[in-house]
Amino acid sequence: MPVLRSAALLASLAAVDACTTILVGRKASADGSVMCSHTNDGEAITDARLVRVPARDHAPGARRPVFFSPEDYPRYVGYERGLEAYYPVGGQEPMAAIGSLPEVNATYAYFEETYGALNEKQVGMGESTCSCVDWTALGGRDSEPCGGDTDGPCALLSVDELTRIAMERASTAREAVSLMGHLAVEHGFYGADSFEGSAESLMVVDPRDAWIFHVLPHPSGTSAAWAAQRIPDDHVAVVPNAFVIREANLSDASKFLGSDLAGLASEYPALAKTCPSNERCDFTKTFGDGEYAHKYYSGRRLWGMYRLLAPDAALDPEYASATPQFLPYPTSLPAAGLTLQAVLDAHRDHYEGTAYDMTKGLAAGPFGTPNRYSPGAGEKKVRGNWERAISLYRTSDSFVVQARSWLPDAVGGVLWWGPMAPHATVYTPVLAGQREIPEFLGSGHQGSFDRDTMLWKVRYVANLMDLKFSYMVKDVREAQRSLEGSARVAVEDAAAAFLKDGSTEALTAALARVAKLNLAAVADLFDLLMFKYADGWVNTPTLGDGVGYPAWWLKDVNYTRGPPPL
């Protein structure tokens, strides 16, 4: 369909993402890999498909079409990209390009979900929407996407398209952040304009480097402001929907890259104080807008992640006062010995064992579910907020990228991908050199029921867990550890075979077998949970024991004040 600035289109821009990302330097990891992660926490409308985009050659003078990025399903419909996954179905019409860029001679193959995730050169990314300064309040203008009936100057690029272009063209993390920043400045950047804000952050890795990239629209509406920081090799960083880069020194190109931050800040007295020069510019305090939904919406996740990944830091989970511009935590922290499993499990956390444990208390019910749904339409008058967990029921998909310098790119880059909530999913490996993804693994979305896809297999498990979470989560964790452990062995076996024969076809077949085993295992897990906990019992083949309600919950819901005994 043509791109129109309609109410429906604007609504699609406002999808709730609320993503949490992790960045791990090579000396902070247990095996020397560099890692980044992403959770796509976008309610039931997010396009959760995982797609492989093949490498392509282009004729001299070719143009690369740029499309508007709705982020919900379908994220793109058309033939321009040459992918059957995006061909029109069910009455869909091809989307019209909103502009174009000069094409390069050849592009790299890569995997994408809503955003570019991993390319064949082991460049990986994870995204998190962030709040930022309101330029209109300072006399600037909004950034309007090009296309349709846009009146006047417009911005061509979203973070979605920036990640795809970087996946297509960048062979290193530094090259990726530099490319995205310069393209955003030259052609204009527009954000999602959701309740979270219109700025973006990306964790960007390659086999040796780990970078944080922040970008926001320019007050002209046709450019961008951006900064990128390389974290130390022995550090870990977290971005929870809020900027975290602090004192940027753009004269030190080994650690920082960015646009003319001081030049922009000098036009606004309120900003110039915290960004007096490009050698000394507090990016977050100058251009960020901190937490937006409520206090601790971002800070609690950052604290919660660091307590697991950098426990020696001993950060304060209840900072004394709400800080509008930034969170009172470092950009990154020293860490050591972080395993892939530790990063996967961090995304499954609900602050278990802390004062903020979401599996405890009356809101968790008698069986300790950590899920907190939004108030109903008729209950919006009740003011309040839930604690914001790290693992969410409304996550469409999440992943961790591993980039490994000691292996060829084809087997060095691993995308550990899982649909739905991290606490319920099983992460399945996809290697950079794979030629294709099994259809059942990458397809499916929340708006169309398909029991044969991994997404719906996991969704079954996720929703069943809610009934007796405190019991079922133990079985699910045992299955996750077993399956993900077996998958790690399979990845190493596939890498060893590739080093001998160099066959990407054999590599693809080997990883397809892992995915098929995981699909069957998740289906079996649902059956196990249904059998074991049906009808208020804990069932085994020979014995059934009643679960019953816990005493504390019976007292809190006034069970003791029920009808008197005879």
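Laboratory data are not the source of any read-out in this text; all were calculated from the coordinates shown. None of these values were measured; they are calculated from a predicted model. Cβ placement follows ideal geometry from the backbone for every residue including glycine, while neighbour counts extend to all protein chains displayed.
Values as computed for the structure displayed
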| item | result |
| --- | --- |
| Potential extension, residue 87-residue 362 segment - 0.36 nm per residue separation minus Cα distance | 94.2 nm |
| Alpha-carbon centroids, the range 80-100 and the range 318-373: separation in whole Å | 39 Å |
| Projected label distance in nm at residue 55 and residue 406, using a 7 Å step from Cα toward the beta-carbon | 2.6 nm |
| ³J(HN,Hα) computed for each position of the range 458-467 - Karplus, 6.51 cos²θ - 1.76 cosθ + 1.60, integer Hz, glycine/proline x | 5, 4, 4, 4, 4, 6, 5, 4, 4, 6 |
| Cysteines having no other Cys beta carbon under 4.7 Å from their own, within the chain | 19, 36, 130, 132 |
| Cα shape, the range 296-368, gyration tensor, a/c 1.5 rule | oblate |
| Rule-of-thumb Rg ratio for the chain [Cα; 2.2 N^0.38 Å; N residues] | 0.97 |
| Virtual spin-label span in nm between residue 96 and residue 386, 7 Å along Cα→Cβ | 4.1 nm |
| Extended-chain gain in nm, criterion 0.36 nm per residue less alpha-carbon gap, residue 435 and residue 80 | 125.8 nm |
| Distance-filtered residues of the range 446-470 - backbone nitrogen under 20 Å, label point 7 angstrom along residue 552 Cα→Cβ | 466-470 |
| Acute angle (nearest 10 degrees) that the helix 504-533 long axis makes with the longest principal axis of the chain, alpha-carbon atoms | 40 degrees |
| Computed E for residue 316/residue 478 - FRET, C-beta separation, R0 35 angstrom, nearest 0.05 | 0.55 |
| Values of log10 I(q)/I(0), in the order q = 0.15, 0.21, 0.26 Å⁻¹, for the range 213-288 under a Debye, Cα-only, solvent-free model | -0.48, -0.91, -1.31 |
| Pairwise label distance in nanometres, residue 559 with residue 260, each label 7 Å out on the Cα-Cβ vector | 6.9 nm |
| Semi-axis lengths (Å, descending) of the ellipsoid that matches the C-alpha gyration tensor of the range 363-512 | 36, 16, 14 |
| Calculated [θ] (222 nm, deg cm²/dmol) that DSSP helices of n ≥ 4 give over the chain, each run adding -39,500 (n - 2.57) | -8000 deg cm²/dmol |
| Cut-off 20 Å, label 7 Å out along Cα→Cβ of residue 492, residues of the range 28-50 by amide N | 28-35 |
| Cβ-Cβ FRET estimate between residue 186 and residue 467, R0 fixed at 51 Å, reported to 0.05 | 0.45 |
| Sorted by Cβ neighbour density within 10 Å, fewest at the top, the residues 386, 417 | 386, 417 |
| Charge dipole of the chain about the Cα centre (unit charges at C-beta), most positive-ward option of 32, 53, 413 | 32 |
| Between helix 159-169 and the chain: long-axis angle, C-alpha atoms, 0 to 90°, nearest 10 | 70 degrees |
| Most to least packed among 78-91, 332-345, 486-499 [average Cβ atoms within 10 Å] | 332-345, 486-499, 78-91 |
| Selection of trypsin sites (Lys or Arg not before Pro), the range 353-421, meeting DSSP coil and at most 14 other Cβ within 10 Å | 380, 381, 383 |
| Overall dimensions of the range 100-244 as given by Cα atoms, namely Rg and Dmax in Å | 15.0, 49 |
| Where only C-alpha atoms are counted, convex hull volume of the range 45-90 per residue in Å³ | 84 Å³ |
| Qualifying lysines (Cα of each under 30 Å from Cα of residue 285; at least 8 residues distant if same chain) | 27, 255, 273, 295 |
| Calculated FRET efficiency for the pair residue 566/residue 234, C-beta based, R₀ 60 Å, to 0.05 | 0.30 |
